[in-house]
Amino acid sequence: QVELVESGGGLVQAGGSLRLSCVASGSFFRINVMRWHRQAPGKQRELVATVTSSSDANYADSVKGRFTVSRDNTKNMMLLQMNNLKPEDTAVYYCSAHVSLTSEGYAYTSWGQGTQVTVSS
């Protein structure tokens, strides 16, 4: 079983910055792809950023140039640096991780509980 815990959310004014972190704990063989998602009130959950185990990153068009995702594999941690925040970035942010539990490849996706980000205008 793998647990993901997000932190770093809060209230910030438009134009400000926040840094989210997601830490994995538990028993596993390897963490593969990690992702940040967000869900605003009344909207579907959307993918924000993806980072592979080799730190290749991809972003949603809405956050390109403002958000930066990174990983520290030694700490089983993923970060999301969010700059120039806009009111439309307000949402609950979730991390997910595709985790291999064994070397034979049994894997599943674990989700965190989410952290609230609120951007005031």
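Structure values in brief
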item: Members of segment 66-82 found to be in a loop (DSSP other than H, G, I, E, B), open to solvent by less than 60 Å² (accessible area, probe 1.4 Å) and touching a residue at least 40 places away in the same chain (Cβ under 8 Å), listed by number; result: Asn76
item: Any hit, segment 15-28, residues being modelled with pLDDT under 95 and closer than 13 Å to Thr90 by Cα; result: no
item: Boolean, Glu6 is open to solvent by 60 Å² or more (accessible area, probe 1.4 Å), within 13 Å of the chain's Cα centre (by Cα) and closer than 21 Å to Gln113 by Cβ; result: no
item: Some residue of segment 31-46 being closer than 15 Å to Val2 by Cβ and of a type in the set (Phe, Trp, Tyr); result: no
item: Pair list, Cβ < 8 Å and 6+ apart or interchain, from segment 40-65 residues that are without any contact (Cβ under 8 Å) to a residue 60 or more places away in the chain and farther than 25 Å from Val99 by Cα to residues that are open to solvent by less than 60 Å² (accessible area, probe 1.4 Å) and part of a loop (DSSP other than H, G, I, E, B); result: Ala40/Thr90
item: Scope segment 90-121; condition surrounded by 19 or more Cβ atoms within 10 Å (Cβ to Cβ), in a strand (DSSP E or B) and touching a Cys at 6+ places or on another chain (Cβ under 8 Å); matching residues; result: Cys95, Ala97
item: Candidates Leu18, Leu11, Leu47, filtered to the one that is touching a strand residue (DSSP E or B) at 6+ places or on another chain (Cβ under 6 Å), open to solvent by less than 50 Å² (accessible area, probe 1.4 Å) and of a type in the set (A, V, I, L, M); result: Leu18
item: Counted residues, segment 33-44 - those being surrounded by 13 or more Cβ atoms within 10 Å (Cβ to Cβ) and not hydrophobic (A, V, I, L, M, F, W, C); result: 4
item: Yes/no for Ala60 being touching a strand residue (DSSP E or B) at 6+ places or on another chain (Cβ under 8 Å), of a type outside the set (Val, Ile, Thr), modelled with pLDDT of 95 or more and surrounded by fewer than 18 Cβ atoms within 10 Å (Cβ to Cβ); result: yes
item: Complete set of residues in segment 67-121 that are closer than 14 Å to Leu18 by Cβ and in contact with a helix residue (DSSP H, G or I) (Cβ under 6 Å, 6 or more places away or on another chain); result: Val119
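The values are calculated or read from the model by the stated rules, or taken from the named source; none is laboratory data. What you are looking at is a predicted structure, and each value in this text was computed from that prediction instead of being measured. Cβ sites come from the backbone with ideal geometry, for glycine too, and all protein chains shown count toward neighbours. Each accessible area value is taken on the protein alone, full model and side chains, heavy atoms only, with ligands, DNA and RNA left out. Shrake-Rupley method; radii C 1.70, N 1.55, O 1.52, S 1.80 Å.
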